[in-house]
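Written out below as structure tokens is the structure these notes cover.
Every read-out reported here was derived from the displayed coordinates using simple, explicitly stated rules and does not represent laboratory data. Computed from a predicted model, the values in this text were never measured in an experiment. Positions of Cβ are generated from backbone atoms using ideal geometry, with glycine treated the same way; all protein chains shown enter the neighbour counts.
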Ligand code: FAD
């Protein structure tokens, strides 16, 4: 990980209530380096890659050099750091590009998180350092063509024990990073006990194929794939040893849902900051449009949504560090902040008038990308039902 700070940390004007005061100097220093990298190396190329629906593979090395993949894990982290800080990393990434934030969310949260939560100490020691260094890219395969929101019960991919091996058969859909991942965590129902188990599947294993989903109109930089598993044979040593049911899969999702909520704040800030800058420059009726009351109204609605959402994600991350965060806490943050993000990117788009739908001005990308963040890692409806069950004591999923 880089030790020198390339830029000093400057406060984000969009952090209206100054939540960054909760970060340590060391955390701010890492964020300053990350922000500098994103502004200089990523921002200049994202619109072009978005248009071509291509992933800029060189950022894997860049982000690994900054230590971004190493930060959360006991086995690899260079210093103790807080969940608020790690959420802020997701915010900074999404502020520049939500696809890049999603790439990191899959690598760090879903793939490495599965190994951290479900792996044995030996599996964690074997895989996490190699993923933290960027040597290996991971993906997370839960969703299937016929099972999205109901993945707790509806998985059709089957794992059958055969001596010291497991044989996987089935298919997966929407799997991020999977067109180029070195390994994919595959969640499958055991033919023996009917429980969901997780497997570290090297993507070179015979019978494994991943095909890119073309023509997405949101998060175009993220490479999502349809996966077919046709008699994929993996040894017992690649079964996540401490993942014994969907409850363990849900533990991974709880952590990543909160980070998607942070990314939603970052994506909102990216759109808002572009709109604010535009409003200061664009002149109509003899003055900058920022000086028109109705434009200020749109901008203030944006900063209001951002500030409310930031307060929520800060608290939900503090609860994680305090050992108090439950599924419904992460679900409420994800459902609420992504809904506010959808409003915010629409207001920002409106501020730009016609230019709000042109890629060059960035807002159109943030606007389109909001749709995928709104739906993945549990739709608003699913997260609402998780919170609804918690507050009423009544499950209303089926
Ligand atoms: P469905 O489950 O078919 O739902 C369709 C609609 O019905 C939704 O509005 C939903 O809320 C609603 N609905 C369903 N059931 C109910 C109910 N009981 N009550 C009320 N409403 C209901 N998955 C992975 O495993 N790995 C990944 O890396 C990954 N990356 C993704 C990246 C992108 C860009 C996208 C779009 C998806 C990704 N997903 C991934 C899948 C994602 O998690 C699912 O799309 C999501 O869970 C919703 O499932 P679905 O699309 O099948 O929708």
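Couple of notes before you dig in:
- Filtered residues of the stretch 180-202 (kept if surrounded by fewer than 22 Cβ atoms within 10 Å (Cβ to Cβ) and free of Cβ contacts under 8 Å to residues at least 60 places away in the same chain): 182, 189, 190, 191, 192, 193, 194, 195, 202
- All positions within the stretch 382-398 that are more than 6 Å from the ligand (Cβ to nearest atom) and outside any helix (DSSP H, G or I): 393, 394, 395, 396, 398
- Of all residues in the stretch 110-156, those that are outside any helix (DSSP H, G or I) and more than 11 Å from the ligand (Cβ to nearest atom) total 8.
- The stretch 170-179, subset part of a strand (DSSP E or B) and in contact with a helix residue (DSSP H, G or I) (Cβ under 9 Å, 6 or more places away or on another chain), residue surrounded by the most Cβ atoms within 10 Å (Cβ to Cβ): 175
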